[in-house]
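Engineer: Please see the structure below; I have some questions.
Every number here is computed from the coordinates shown, using simple stated rules; none is lab data. In this text the structure is predicted, and so the values were computed from the model without any measurement. A quick note on method: Cβ atoms are made from the backbone with ideal geometry, for glycine too, and the neighbour counts reach across all protein chains shown.
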């Protein structure tokens, strides 16, 4: 666990940066997306303290992906970047796409929100895997 903690936390920090950047850019490009993000019928208002837990999510994800990377990276074939791409794609297919299908079918969000989240989900896996490939030694 010790060898995965720092890489997992760094990956979490980078995921948070991507999350914040994606939110800012998409809201800037499309004010209707910003309206959806501020929809209190769908999301809790920022004045509710539990809403701030959202900022812990990237760190939990980073730690979980570090643990998964440590378990599966010996099975990934190819050089360093090929392994990174395979890991990111596997995470995207197994973790992101099914979640986005569920979100689109159950919550009143537009397809554009789901598309943006789906794309950013791939980048979460990609950036995390790049961190892990550099920081978690191969067995």
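Engineer: So what are region 1-110's ellipsoid semi-axes, whole angstrom, largest first, if each one is the square root of 5 times an eigenvalue of the alpha-carbon gyration tensor?
Structural biologist: Taking √(5λ) for each eigenvalue gives 30, 17, 13 Å, largest first.
Engineer: So what's the angle, to the nearest 10 degrees on a 0 to 90 scale, between helix 97-106 and the longest Cα principal axis of the chain?
Structural biologist: Approximately 20 degrees, to the nearest 10.
Engineer: Moving on. Listing 2, 77 from the residue with the fewest other Cβ atoms within 10 Å to the one with the most, what is the order?
Structural biologist: In increasing order of surrounding Cβ atoms, one gets 2, 77.
Engineer: Please give, to one decimal in nm, the separation of the simple spin-label points placed at residue 9 and residue 119, each 7 Å out from Cα toward the Cβ.
Structural biologist: About 3.3 nm, to one decimal.
Engineer: Taking 8 Å as the Cα distance limit and 6 or more residues as the minimum spacing, I'd like the relative contact order of region 2-135 as a percentage.
Structural biologist: 38
Engineer: With angles folded into 0 to 90 degrees, how steeply does helix 111-135 sit against the dominant principal axis of the chain? Use alpha carbons for both and round to 10.
Structural biologist: Roughly 30 degrees between the two axes.
Engineer: Only helical DSSP H runs with n ≥ 4 go in: add -39500 (n - 2.57) per run for the chain, normalise by residue count and round the 222 nm mean residue ellipticity to 500 deg cm²/dmol.
Structural biologist: Theoretical 222 nm ellipticity from helices: -23500 deg cm²/dmol.
Engineer: How do 101, 15, 136 rank when sorted from fewest to most other Cβ atoms within 10 Å of their own Cβ?
Structural biologist: 101, 136, 15
Engineer: Could you work out how much longer the chain between residue 27 and residue 47 gets when fully extended? Use 0.36 nm per residue separation minus the Cα distance between them, nm to one decimal.
Structural biologist: 5.2 nm
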